[in-house]
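In what follows, a single structure is set out as structure tokens and then discussed.
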Amino acid sequence: MKNVLITGASSGIGKALSYEFAKGNYNLALTARRIEELAKIRHDIKQKYPSINIEVSSLDVTDYSAVPIVINNFINCLNEVDIVIVNAGIGLGEKIGRGEFDKAKRTIETNLIGAIATIDAASAYFLEKGKGHIVGISSVAAFRGMPRSSAYCASKAGLAIYLEALRAEFYGKDIDVTVLFPGYIDTPLNNMLPNRPFLISVEKGASIIRRLIEKKIKSSTVPAFPWNIIGQLIKVLPTPIVSKISG
Ligand SMILES: NC(=O)c1ccc[n+]([C@@H]2O[C@H](COP(=O)([O-])OP(=O)(O)OC[C@H]3O[C@@H](n4cnc5c(N)ncnc54)[C@H](OP(=O)(O)O)[C@@H]3O)[C@@H](O)[C@H]2O)c1
């Protein structure tokens, strides 16, 4: 029985992944800021899958010094952790130069620095243990800077590059690194947007993500098609066209 730790498990993709991994007979370590949501998820999963061990803990990933403490507590409770899914994130959207710097700062602090804090703590443990698997949830937004999503795109590109560096740094070790680039998955992060091309349900997204993780894929869009093609096209779209896309 494997143990998986998921950040941002109180909603959307992280919550759906919790059910998906429980279905696959994994023990769970779930974190997010909203502990009451995590408690509900724990209760519900326990009803469906009584043999699963589920630990929950409140964690704000921007409380950087708390991140290794919470991760180490989970390791003590579950004895070991095999996979860490770095999923917690926000998507605020902001205009540059219009007094919205705070939104940009919060986005980078959560999606990039919070993710790096999580990866650093997970890496310390996996290095000591001699094996492990780190999974980062980036986004197709990492492929091109979009207007009104500048900090979000930068945070997701930063996370992808950081994980690429991690893979090279850990080359030759038994530590796998997976970076995933989801397209639109139906969650509270984006359900207010008027256009969500190629939208998939969160259950389908979680099922694809679990399959990719179990295959230890290095990197993939989610779903692979059509975002693998769109991801390449979007990199070469002329700026006048990109300027009309609302992020
Ligand atoms: N949905 C999509 O189409 C899509 C596409 C590409 C990438 N993604 C990425 O997938 C990840 C999950 O997003 P989602 O769509 O599932 O959104 P969501 O439903 O809003 O869930 C976001 C999760 O992150 C947690 N979170 C936010 N800020 C946090 C913080 N400071 N500390 C700890 N946890 C925090 C939230 O929990 P609390 O509020 O309880 O803390 C929540 O559980 C994000 O990284 C997002 O960028 C999503």
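Here are some notes:
- On the stretch given as segment 167-188, residues that are aromatic (Phe, Trp, Tyr) and under 23 Å from Val81 (Cβ atoms) total 2.
- Residues considered: Ile137, Ile209. Of these, the only one that is touching an Asp or Glu at 6+ places or on another chain (Cβ under 9 Å) and surrounded by 17 or more Cβ atoms within 10 Å (Cβ to Cβ) is Ile209.
- Within segment 18-50, the residues that satisfy the criterion of being polar (S, T, N, Q) and either under 18 Å from Arg210 (Cβ atoms) or crowded, with 21+ Cβ neighbours inside 10 Å (or both) are Ser18, Asn25, Asn27, Thr31.
- Residues of segment 120-149 satisfying the condition of being among the charged types (D, E, K, R) and more than 16 Å from the ligand (Cβ to nearest atom): Glu128, Lys129, Lys131
- A single entry from Pro197, Pro182 fulfils the requirement of being within 14 Å of the ligand (Cβ to nearest atom) and surrounded by fewer than 16 Cβ atoms within 10 Å (Cβ to Cβ): Pro197.
- With respect to the stated conditions, Glu36 fails to be without any contact (Cβ under 8 Å) to a residue 24 or more places away in the chain and touching a strand residue (DSSP E or B) at 6+ places or on another chain (Cβ under 7 Å).
- Within segment 200-213, being within 15 Å of the chain's Cα centre (by Cα) and within 11 Å of the ligand (Cβ to nearest atom) holds for Val202, Gly205, Ala206, Ile209.
- If the condition is being near the ligand (Cβ under 7 Å from one of its atoms), assigned to a loop (DSSP other than H, G, I, E, B) and over 17 Å from Asp82 (Cβ atoms), then segment 7-50 contributes Gly8, Ser10, Ser11, Arg33, Arg34.
- Look at segment 89-113: where a residue is surrounded by fewer than 16 Cβ atoms within 10 Å (Cβ to Cβ) and aromatic (Phe, Trp, Tyr), no partner that is assigned to a loop (DSSP other than H, G, I, E, B) and at pLDDT below 95 sits 6+ places away or on another chain with Cβ atoms under 8 Å.
- Just so you know, in segment 154-171 the residues that are surrounded by 20 or more Cβ atoms within 10 Å (Cβ to Cβ) and within 12 Å of the ligand (Cβ to nearest atom) include one that is farthest from the chain's Cα centre (by Cα), and it is Ser155.
- Complete set of residues in segment 181-209 that are in contact (Cβ under 8 Å) with a residue 40 or more places away in the chain and of a type in the set (S, T, N, Q): Thr187, Asn190, Asn195, Ser207
- Met192 satisfies every condition listed in (1) farther than 18 Å from Ile85 by Cβ; (2) touching a Phe, Trp or Tyr at 6+ places or on another chain (Cβ under 7 Å) except (2).
- Residues in segment 74-105 that are more than 15 Å from the ligand (Cβ to nearest atom) and touching a strand residue (DSSP E or B) at 6+ places or on another chain (Cβ under 7 Å): Cys77, Leu78, Glu80, Val81, Asp82, Ile83, Glu100.
- Taking helices (runs of 4 or more DSSP H) as the structural unit, those lying wholly within segment 54-135 and holding at least 3 residues that are under 25 Å from Lys40 (Cβ atoms) and of a type in the set (A, V, I, L, M) correspond to 66-78.
- For segment 159-167, the criterion of being more than 21 Å from Pro68 (Cα to Cα), of a type outside the set (A, V, I, L, M, F, W, C), free of Cβ contacts under 8 Å to residues at least 60 places away in the same chain and assigned to a helix (DSSP H, G or I) is satisfied by at least one residue.
The values are calculated or read from the model by the stated rules, or taken from the named source; none is laboratory data. Here the structure is a predicted model, which is why all the values come from computation and not from measurement. Here the Cβ is made from the backbone with ideal geometry for all residues, glycine too, and neighbour counts use every protein chain on show.
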